[in-house]
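Here is the structure we will look at.
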Amino acid sequence: MLSDADQKRSRIIFNLLKEATSQQVVREFLKDKGIATSGSWEVIYSERILPALKSKKLELVDLEVLLREVEEHGRQHIFVYKCKPDDAEKLLKRSRIEDIAATAGLSHLITQPHYVEMPDQPEVVDIRLNEAPNGSGLLSLTIKVCETRESSKYVGDDFDPATSRRIKIYEIKKKRAICIAHLGLDGILELRIASRDTSKYDEQISMLIRLVNSFFPMDSFEKASLSKAKETLFNKQEELEGQVRYTNTTAKNDFGVSLNLAAFNLTKSLMDDDGSTSAIKEFLAKNGFVTGSNIWFIIPDDVERQIHTVLNGEVHEFAIPAACTPGEYSYVFRKILSFN
């Protein structure tokens, strides 16, 4: 039997899935579990998921894992920091993390995530410890923060003849957003910020750091510059053909002169035009340096699957504009680090 509490939790998780992903993703998930997939959102829950949970054909943890996968990877700006591996090992001591969580009143999140749709204030909702299979300790720590964002859309104006004033009217929309802090034993700290309609993320970075600083003291870290990765990706275009597709590259020199090359549409590659590649190579040869790239990582064994990646903004920042799987995110991130 499914308890009332678990049924309530399943409904909350399902509502979050509706906001975070598409019906197609949920249908593929159910298909893999041998569960019927047809119907509207409500039918999928009440006639597919709920009966499967009650019959134990589907576990609540399966829905939790799916939610993590669809809302924690992609559609993000990622800011990369690093510390020494020895320091990371100390920060990842289970006893230390449990003590910090207890002091902050967050111990319950180590065993059970908190599912909230629109929190009044940003809050930590999940503390995830990734244990080594051999029991030797933690491999990583992931902390999830949920926040409510507001955006305004101009919808018209209203004129008051009595006061001769025209008032602009805006529609306020609220949206749930997820931010992630993840530290591995290699000392690489990722601060993943859900994308928004801006090029600056200072406010979101400050918010996330404030909430996770006791777990990840930022004075132990430094920004991990991705400048070398940007240059390597450009300089090895021929070598990386079939692995990376280039649609935009920007460069600058010591005189402040900028050069921007872009393919005429996103299905093409800069490699298709010898003139453009020759021009930027000459520019870089005379004290120029790459400042940004708009590229697509081609997933091995699936050339049709290409992950759009943008390397610009802050020196330690990159972005994955569209949703992707955990495996695809890991592939892209590790590739970028390998070029660095």
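Any read-out appearing in this document is the output of simple, stated calculations on the displayed coordinates, not a laboratory observation. This is a predicted model, so every value here is computed, not measured. Note that we place each Cβ from the backbone using ideal geometry, even for glycine, and neighbour counts take in every protein chain shown.
Points worth noting:
- Degrees separating the helix 94-103 axis from the principal Cα axis of the chain, which is the longest one: 70
- FRET efficiency, residue 153 to residue 36 (Cβ-Cβ, R0 41 Å, nearest 0.05): 0.60
- Mean-position separation - Cα centroids, the range 7-41 and the range 123-168, in angstrom: 23
- For the chain, size of Cβ-based charge dipole, Lys and Arg +1, Asp and Glu -1, in debye: 400
- Sites residue 23 and residue 164 - FRET efficiency at Förster radius 45 Å, r taken between beta-carbons, to 0.05: 0.35
- Sequence of 86, 219 once ranked by neighbouring C-beta atoms within 10 Å, starting from the fewest: 219, 86
- Fewest-first ranking of 136, 22, using other Cβ atoms within 10 Å as the exposure measure: 136, 22
- Here the dipole of the range 4-71 is about 200 debye; that uses its Cα centre as origin and unit charges on the Cβ of Lys and Arg (positive) and Asp and Glu (negative).
- Relative to the dominant Cα principal axis of the chain, helix 274-285 is inclined by about 80°.
- Cβ crowding within 10 Å ranks 41, 296 as 41, 296, fewest other Cβ atoms first.
- Per-peptide average of other Cβ atoms within 10 Å, ordering 170-181, 1-12 highest first: 170-181, 1-12
- Packing-based ranking of 297-308, 69-80 yields 69-80, 297-308, ordered from highest to lowest mean Cβ neighbour count within 10 Å.
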